[in-house]
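Worksheet for the structure shown next.
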């Protein structure tokens with residue numbers, strides 16, 4: 001197993017052309033397999049049984065279901081009852097279909113001409129000192145993400161006014177001077193004071209990538 005491949009993806013990023021999307025994190029091979037099978041198994045069982053002449057086989061139905069769920073994610077049309085966790089399971093099933101052998105430790109899911117494209121996310125292992133992705137780590141596998149193409153892009157968003165759809169990059173920018181390529185933040189409430197707070201963690205994927213606080217001004 002090389003530094004770039006594994007038996008499961010540690011992170012999968014669904015990246016839209018407007019630099020929004022999702023970031024999903026899997027905690028081991030069993031976690032990844034369970035996420036994939038929890039999506040694939042019901043679809044395959046629904047179309048199992050005696051073959052129907054002229055009808056696609058169950059694996060073809062699974063491909064359609066995966067494309068439908070992930071297509072909704074790209075179109076920002078994920079139903080509330082599905083949510084980010086539901087998308088993460090469709091993404092896991094997709095990754096498992098595309099990479100039959102060694103799986104990249106980081107996978108990027110993109111859309112080109114309305115077709116899905118999966119590739120290794122090598123850039124996330126280079127750690128330029130600013131976050132390439134900031135993920136609202138809101139459920140079992142992750143949540144909504146913002147992506148950044150340069151330090152200047154991150155600075156511009158970090159210095160902007162927060163809003164309900166974009167608030168975590170501003171907090172990360174205020175708190176940290178240098179970061180790993182991926183930052184996940186989870187909103188919470190202090191049990192003693194009752195005040196709202198955010199808990200951030202950096203993902204370095206086993207490589208050297210300092211998380212340095214910004215000096216007080």
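A few points about this structure:
- Across all directions, the shadow cast by the convex hull of the stretch 157-203 built on its C-alpha atoms averages 3.9 square nanometres.
- Shape parameters for the chain, alpha-carbon atoms, Rg then Dmax in Å: 18.6, 72
- Estimated from helical segments only, the mean residue ellipticity of the chain at 222 nm is -10000 deg cm²/dmol, where each DSSP H run of four or more residues counts as -39500 (n - 2.57).
- Among 189, 12, 64, the largest mean-square fluctuation in a Gaussian network model of the chain, built with springs joining Cα atoms closer than 10 Å, belongs to 189.
- Helix 29-46 and the long axis of the chain differ in direction by around 40°, with both axes built from C-alpha atoms.
- As a ratio to 2.2 N^0.38 Å, the alpha-carbon radius of gyration computed for the stretch 38-167 takes the value 1.26.
- The C-alpha atoms of the chain define a longest principal axis, and helix 58-74 lies at about 30 degrees to it.
- DSSP-defined beta bridges in the stretch 124-213 - what % are antiparallel, rounded to 5: 80
- Extended-chain gain in nm, criterion 0.36 nm per residue less alpha-carbon gap, residue 117 and residue 191: 22.3 nm
- The relative contact order of the chain, computed from alpha carbon pairs under 8 Å that lie at least 6 residues apart in sequence, is 21 percent.
- Directionally averaged projected area (the stretch 124-213, Cα convex hull): 6.3 nm².
- Among 40, 73, 140, the residue with the largest mean-square fluctuation in a Gaussian network model of the chain, with springs joining Cα atoms closer than 10 Å, is 140.
- Counting neighbouring beta carbons within 10 Å and listing from fewest to most, the residues 37, 152 come out as 152, 37.
Since every read-out is calculated from the coordinates, none of them should be taken as a lab result. Worth saying up front: this structure is predicted, and the values here are computed from it rather than measured. Cβ: placed from backbone, ideal geometry, glycine included. Neighbour counts: every protein chain shown.
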